[in-house]
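Engineer: Pasting in a structure now, in structure tokens, and then I'll have a few things to ask.
The values are calculated or read from the model by the stated rules, or taken from the named source; none is laboratory data. All of these numbers come straight from a predicted model, not from anything done at the bench. Here Cβ is always computed from backbone atoms with ideal geometry, including for glycine, and neighbour counts include all displayed protein chains.
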2 protein chains.
Amino acid sequence: MATGIIKNPIEVVVFGSGNVGKHLISEFKKYPDKIRLKGVWTRTFSNLPRDIPIITDLKKIPPADIYILALKDDVIENFSKNLSHSEVLTVHTSGVLPLDKLHVKRKGYFYPLQSFRKEKKEYDWKEIPVFIQAENEKDLNLLENLAKILTPKVYRLKSGQKQMMHVAAVFANNFSNLMFTIAHDLMQENKLPFDLLLPLIKETVERLENFSPRDSQTGPARRKDTDTIVRHMALLENSGKHREAEIYKILTDYLLKLYR
Amino acid sequence: MATGIIKNPIEVVVFGSGNVGKHLISEFKKYPDKIRLKGVWTRTFSNLPRDIPIITDLKKIPPADIYILALKDDVIENFSKNLSHSEVLTVHTSGVLPLDKLHVKRKGYFYPLQSFRKEKKEYDWKEIPVFIQAENEKDLNLLENLAKILTPKVYRLKSGQKQMMHVAAVFANNFSNLMFTIAHDLMQENKLPFDLLLPLIKETVERLENFSPRDSQTGPARRKDTDTIVRHMALLENSGKHREAEIYKILTDYLLKLYR
């Protein structure tokens, strides 16, 4: 396949039908003229549409343009060894894994930045950024052609960029969710439903559409309200919540310095 | 006014036309049969509808059923001294201030749990919880009658409950927003637009409608992926982001213990 020429349809085999695999597969199926899903390798048949060819024997993987390993991070390296003799471009979908963990001839990644969960019926892929990488321009173009069928937001990252973006995603997603968990527990222990905080949380996120988070920061630390800060810390300490008090302190210190 | 009997309309004077005041006033105006806005005391005329009587002279405050001090936390105590001879139920709208900071005869609070900003045109008040407190049942009923015109979510809090709820709100709102700020800066320093993270952030919050944050936690700490954790911390340290690395560590430790 020559650089820049779109092969139509692109032939794909997906390995894995977990959170990422399942949603990739349903999205691929929406574009039968552009993407031919040649099969899915999976150990669980549970949630796949019946018309998708299931592959159980690793010796019978059909040829394709791209093999997509939508597997757990910690099994990808070993699993890739099954494909080490293949000439097919083989990519993982991980935000974390370096390319050299793929023991294949032509390697890359195809990383959709979203926290997928099987229970959710559908995502708006047009909103989801997909990050791609490969070892040469030809493979990159092939991945780009596939990704652009799903979303206009396709990015080629430099290797350092991807790592730091994943750190940023940990703060934006995992750590913000921990803040919600701590809030949830504080509410529950005071016999208040967590739901009361939802309008506030939604408002915080809605602001991000129009303002940078730095500009929309509010709260005791932002307004240098040391009385409240001291009272909150004492309240946490007196309730035996020492680790929450420690987190309160370190985040408040960060904010006080940020808005000094 | 006897307990339980709804006086109609309830007469109100609002002091302050900042973030909270402005939105209270516009909401009150939607129910002219139920709420009579007798005036607004404000030092800035900027953003008020023309048909609201403006009060500038503190000696000419009209009588009403409720005076609402929608002022900054740190001025409420002093300001309330202007009303110390009044027989009118006087409430503040603060999530923080204890009742005894009000130097008035009949005191209470009327605290809508939302992070209001003037720039936003309108809020869905039916979703906003309003917390009320007063010193006797009669005043509480009066506040409850007013609050229930705006939202079905009206709660009477015990004094300890309100303090801890405010701590919870700091985690859910202020600290989660700080996580977005740190993510924003990491993205920007790596020449990546923060917007790329928005679908992920929205998904995190959307899950809260159906799942507890504890159940929907994801990420390296949740899956005990110590390789990634170590790599992320090193990446932050090597970029001179020592305080971000410290926050990464303390939050990751918390998560590792939570899901042990």
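Engineer: Does A:Ser176 satisfy being among the polar types (S, T, N, Q), in a helix (DSSP H, G or I) and at the interface with chain B (Cβ under 7 Å from one of its Cβ atoms)?
Structural biologist: Values: among the polar types (S, T, N, Q): yes; in a helix (DSSP H, G or I): yes; at the interface with chain B (Cβ under 7 Å from one of its Cβ atoms): yes.
For A:Ser176, the condition - among the polar types (S, T, N, Q), in a helix (DSSP H, G or I) and at the interface with chain B (Cβ under 7 Å from one of its Cβ atoms) - is met.
Engineer: Which condition breaks for A:Asp227 when tested against (1) modelled with pLDDT under 95; (2) under 21 Å from B:Gly160 (Cα atoms); (3) more than 7 Å from chain B (Cβ to nearest Cβ); (4) part of a loop (DSSP other than H, G, I, E, B)?
Structural biologist: A:Asp227 satisfies every listed condition except (4).
Engineer: Being within 18 Å of B:Ile201 (Cβ to Cβ), among the acidic types (Asp, Glu) and surrounded by 14 or more Cβ atoms within 10 Å (Cβ to Cβ) is true for just one of A:Glu206, A:Glu244, A:Glu237. Which residue is that? It would help to see each step written out before you state the result.
Structural biologist: On the way: A:Glu244 fails: within 18 Å of B:Ile201 (Cβ to Cβ); A:Glu237 fails: within 18 Å of B:Ile201 (Cβ to Cβ).
On inspection, the qualifying residue turns out to be A:Glu206.
Engineer: Step by step: first the residues of segment B:136-146, then only those that are of a type outside the set (S, T, N, Q) and in contact (Cβ under 8 Å) with a residue 40 or more places away in the chain, then the one that is nearest to B:Leu24 (Cα to Cα). Which residue is that? I'd like the intermediate steps shown before the answer.
Structural biologist: To start, the set of residues in segment B:136-146 that are of a type outside the set (S, T, N, Q) comprises B:137-140, B:142-144, B:146.
This time we only want the ones that are in contact (Cβ under 8 Å) with a residue 40 or more places away in the chain, so: B:137-139, B:142-143, B:146.
Working: B:Glu137: 24, B:Lys138: 22, B:Asp139: 19, B:Leu142: 17, B:Leu143: 14, B:Leu146: 11 Å.
Taking the candidates together, the pick is B:Leu146.
Engineer: Moving to a separate point now. How many residues are in contact with a helix residue (DSSP H, G or I) (Cβ under 7 Å, 6 or more places away or on another chain) and not small (Gly, Ala, Ser) if we restrict to segment A:73-106?
Structural biologist: So the answer is 15.
Engineer: Hand me the list of strands (runs of 3 or more DSSP E) wholly inside segment B:1-116 holding 2 or more residues that are in contact (Cβ under 8 Å) with a residue 60 or more places away in the chain and within 22 Å of the chain's Cα centre (by Cα). Break it down into steps so the answer makes sense when it comes.
Structural biologist: Numbers: elements: B:10-15, B:35-41, B:66-69, B:89-92, B:107-112.
Where strands (runs of 3 or more DSSP E) fall fully within segment B:1-116 and carry at least 2 residues being in contact (Cβ under 8 Å) with a residue 60 or more places away in the chain and within 22 Å of the chain's Cα centre (by Cα), they are B:10-15.
Engineer: For residues that are at pLDDT 90 or above and over 16 Å from B:His92 (Cβ atoms), scanning just segment B:1-21, find the one that is surrounded by the most Cβ atoms within 10 Å (Cβ to Cβ).
Structural biologist: B:Ile10
Engineer: Failed condition for B:Leu143, given (1) modelled with pLDDT of 95 or more; (2) at the interface with another protein chain (Cβ under 8 Å from one of its Cβ atoms); (3) out of contact with any Pro (no Cβ under 8 Å at 6 or more places or on another chain), with all others met?
Structural biologist: (2)
Engineer: To continue, here is another question. Among the residues of segment B:217-234 satisfying the criterion of being of a type outside the set (Lys, Arg) and within 12 Å of B:Leu258 (Cα to Cα), which is surrounded by the fewest Cβ atoms within 10 Å (Cβ to Cβ)?
Structural biologist: Initially, segment B:217-234 is screened for residues of a type outside the set (Lys, Arg), giving B:217-221, B:225-230, B:232-234.
The next check asks that each one be within 12 Å of B:Leu258 (Cα to Cα); those that pass are B:217, B:221.
Values: B:Gln217: 22, B:Ala221: 26.
Selected residue: B:Gln217.
Engineer: Considering only residues that are at pLDDT 95 or above and of a type in the set (D, E, K, R), look in segment A:102-123 and name the one that is surrounded by the fewest Cβ atoms within 10 Å (Cβ to Cβ).
Structural biologist: Only one residue tops the list, namely A:Lys105.
Engineer: Pull out all pairs, ordered by first then second residue, where Cβ-Cβ is under 9 Å, the residues are six or more apart or on different chains, the first lies in segment B:208-225 and is free of Cβ contacts under 8 Å to residues at least 40 places away in the same chain, and the second is assigned to a loop (DSSP other than H, G, I, E, B) and small (Gly, Ala, Ser).
Structural biologist: Pairs found: B:Leu208/B:Ser216; B:Asn210/B:Ser216; B:Ser216/A:Ser115; B:Thr218/A:Ser115; B:Gly219/A:Ser115; B:Asp225/B:Gly219.
Engineer: On to the next question. Restricting to segment B:232-244, name every residue that is facing chain A (nearest Cβ under 7 Å), farther than 22 Å from A:Ile182 by Cα and free of Cβ contacts under 8 Å to residues at least 12 places away in the same chain.
Structural biologist: Taking segment B:232-244 first, the residues facing chain A (nearest Cβ under 7 Å) are B:232, B:235-236, B:243.
Checking which are farther than 22 Å from A:Ile182 by Cα leaves us with B:232, B:235-236.
Across segment B:232-244, the qualifying residue is only B:Leu235.
Engineer: A further question on this structure: Might you check whether a residue that is out of contact with any helix residue (DSSP H, G or I) (no Cβ under 8 Å at 6 or more places or on another chain) and buried (at least 18 other Cβ atoms within 10 Å of the Cβ) occurs anywhere in segment B:164-183? Working first, answer last.
Structural biologist: Applying the first criterion (out of contact with any helix residue (DSSP H, G or I) (no Cβ under 8 Å at 6 or more places or on another chain)) to segment B:164-183 yields none.
No, every residue in segment B:164-183 fails to be out of contact with any helix residue (DSSP H, G or I) (no Cβ under 8 Å at 6 or more places or on another chain) and buried (at least 18 other Cβ atoms within 10 Å of the Cβ).
Engineer: Working carefully through the options B:Ile182, B:Ile149, B:Ile247, find the one that is part of a helix (DSSP H, G or I), in contact (Cβ under 8 Å) with a residue 60 or more places away in the chain and over 25 Å from the mean Cα position of the chain (by Cα).
Structural biologist: The conditions single out B:Ile247.
Engineer: Answer yes or no as to whether A:Arg214 is surrounded by fewer than 20 Cβ atoms within 10 Å (Cβ to Cβ), in a loop (DSSP other than H, G, I, E, B), in contact with a helix residue (DSSP H, G or I) (Cβ under 9 Å, 6 or more places away or on another chain) and at pLDDT 95 or above.
Structural biologist: Working: surrounded by fewer than 20 Cβ atoms within 10 Å (Cβ to Cβ): yes; in a loop (DSSP other than H, G, I, E, B): yes; in contact with a helix residue (DSSP H, G or I) (Cβ under 9 Å, 6 or more places away or on another chain): yes; at pLDDT 95 or above: yes.
Judged against the criteria, A:Arg214 is a match.
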